[in-house]
Amino acid sequence: MVNVVVKEGRSTIPFSRGILMRSIVRSGLDEARSYGIAMNIKSELIEKRRRSIGALELFNVVRNKLSDIDPNFAEKYKLWRDIRNHEEPILILLGGVSGTGTTTVGAELGHRLGIRRVIGTDTIREVMRKIIAQDLLPTIHASSYDAWKKMKVPVSPEYDKIIMGFRTQAERIAVGVEALMDRALYECISAVIEGTHLVPGFIDKKYMNMQNIFFFILDIKDENEVSVLVVDHDVLLIDYLSDALMVFSGDVGISGNASEPLNLRNGMNKFLKEMNVTFRRDPETGRPRANKPGSVKDREQKGSGEFYYNC
């Protein structure tokens with residue numbers, strides 16, 4: 001067996017298809033095709049009886065193969081390399097209301113870009129609660145929706161009390177977010193910070209003017225897709241942990257109903273039917289995937305009454 005090594009400066013490491021695949025994924029290419037490219041490069045090196053390859057040469061080989069698939073992948077791969085070689089850390093801020101997927105997008109961004117630190121503003125709020133007494137900052141000791149109840153000055157009737165409470169809490173949490181960014185910049189550590197408390201205007205402008213800090217607000221244009229996002233977020237976990245479930249339905253604060261205990265398939269089928277969402281199982285990864293509303297697969301499953309993929 002021919003052992004191939006990758007050389008970069010004075011360093012030498014064994015060629016790893018797994019490591020190369022993870023770097024290719026950051027171009028936006030899916031894992032299956034990324035691994036195929038890594039396998040192909042390893043085979044070519046062995047056929048040529050190459051025992052070593054320079055890191056820059058390997059980068060160019062990958063970039064050429066990505067360019068053959070789609071020039072956009074090649075450009076993104078180059079951009080990722082430029083970011084990795086940049087001395088300054090990358091800080092990505094993701095804001096958005098509950099249900100827009102800040103946690104999901106943040107985790108995926110961290111995975112794609114090789115950023116290990118993904119921190120939620122809920123975590124920052126919890127740390128601040130342990131450090132700062134309720135008498136000093138009462139609004140951080142409540143949920144985002146109930147923060148107004150902790151405000152010392154009553155909210156004027158002309159203003160929405162929930163929004164005013166949230167604004168006050170977001171302003172307080174912004175102090176913790178800025179402290180976290182200061183530390184990350186000082187230690188040169190890249191991070192993704194996500195959560196509902198990240199609101200434009202509450203983060204100091206000096207951070208927003210930095211070229212290595214990026215601030216995004218996630219929004220869902222089609223409200224019908226909100227339920228799909230939340231369900232997609234949890235179905236895989238339900239698959240792993242549950243063999244039976246109960247379906248709750250009704251109007252919040254008015255009336256509610258609970259089904260009898262159902263097996264996983266019947267319970268999920270009942271729930272998804274009420275949500276008018278169908279799911280299929282990805283043939284390669286086994287992960288749940290929501291069908292696009294109105295797609296062929298969506299119509300087929302609704303026609304057969306199978307909203308939940310076969311277990």
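The values are calculated or read from the model by the stated rules, or taken from the named source; none is laboratory data. The shown structure was predicted, so the numbers you read here are calculated from the model rather than taken from an experiment. Please note: Cβ atoms are built from the backbone with ideal geometry, for glycine as well, and neighbour counts cover all protein chains shown.
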- Message: Would you confirm, using the coordinates I've provided, whether residue 44 is farther than 21 Å from residue 84 by Cβ, part of a helix (DSSP H, G or I), charged (D, E, K, R) and in the same structural domain as residue 76 (by TED's automatic domain parsing)?
- Response: yes
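So that you can scan it fast, the table gives a plain yes or no per residue for (1) without any contact (Cβ under 8 Å) to a residue 40 or more places away in the chain; (2) within 30 Å of residue 79 (Cα to Cα):
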{"position": "145", "(1), (2)": "yes, no"}
{"position": "154", "(1), (2)": "yes, no"}
{"position": "157", "(1), (2)": "yes, no"}
{"position": "165", "(1), (2)": "yes, no"}
{"position": "194", "(1), (2)": "no, yes"}
{"position": "199", "(1), (2)": "no, yes"}
{"position": "204", "(1), (2)": "yes, yes"}
{"position": "212", "(1), (2)": "no, yes"}
- Query: Taking the condition within 30 Å of residue 195 (Cβ to Cβ) and of a type outside the set (Phe, Trp, Tyr), does residue 60 pass?
  - Reply: no
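Okay, residues lined up against (1) surrounded by 17 or more Cβ atoms within 10 Å (Cβ to Cβ); (2) within 26 Å of the chain's Cα centre (by Cα):
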site	(1), (2)
40	no, no
50	no, no
54	no, no
57	no, no
82	no, yes
85	no, yes
91	yes, yes
100	yes, yes
105	yes, yes
- Message: Against the conditions (1) at pLDDT below 80; (2) part of a strand (DSSP E or B); (3) under 27 Å from the mean Cα position of the chain (by Cα); (4) not hydrophobic (A, V, I, L, M, F, W, C), where does residue 280 fall short? Just the number, please.
- Response: (1)
- Task: Hey, can you tell me all the residues within the stretch 108-146 that are part of a strand (DSSP E or B) and either hydrophobic (A, V, I, L, M, F, W, C) or buried (at least 16 other Cβ atoms within 10 Å of the Cβ) (or both)?
- Result: 118, 119, 120
- Among what's in the stretch 1-38 and is part of a loop (DSSP other than H, G, I, E, B) and touching a helix residue (DSSP H, G or I) at 6+ places or on another chain (Cβ under 7 Å), pick the residue that is surrounded by the fewest Cβ atoms within 10 Å (Cβ to Cβ). 2
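In the stretch 36-53, is there at least one residue being under 29 Å from residue 210 (Cβ atoms), among the aliphatic types (A, V, I, L, M) and touching a residue at least 24 places away in the same chain (Cβ under 8 Å)?
If we filter the stretch 36-53 for residues that are under 29 Å from residue 210 (Cβ atoms), which is where we start, we get none.
The answer is no; no qualifying residue exists.
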- Query: Somewhere in the stretch 211-230, is a residue more than 19 Å from the chain's Cα centre (by Cα) and modelled with pLDDT of 75 or more?
  - Reply: yes
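Would you please name the residue that is nearest to residue 58 (Cα to Cα), looking only at residues in the stretch 1-18 that are among the basic types (Lys, Arg) and at pLDDT 85 or above? So that I can check it myself, show each step before the final result.
Going residue by residue through the stretch 1-18, those that are among the basic types (Lys, Arg) are 7, 10, 17.
Filter once more, so that each one left must be at pLDDT 85 or above: 7, 17.
Details: 7: 10, 17: 12 Å.
Checking each candidate, the answer is 7.
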- Message: What's the number of the only condition in (1) crowded, with 16+ Cβ neighbours inside 10 Å; (2) more than 30 Å from residue 282 (Cα to Cα); (3) among the β-branched types (Val, Ile, Thr) that residue 46 fails to meet?
- Response: (1)
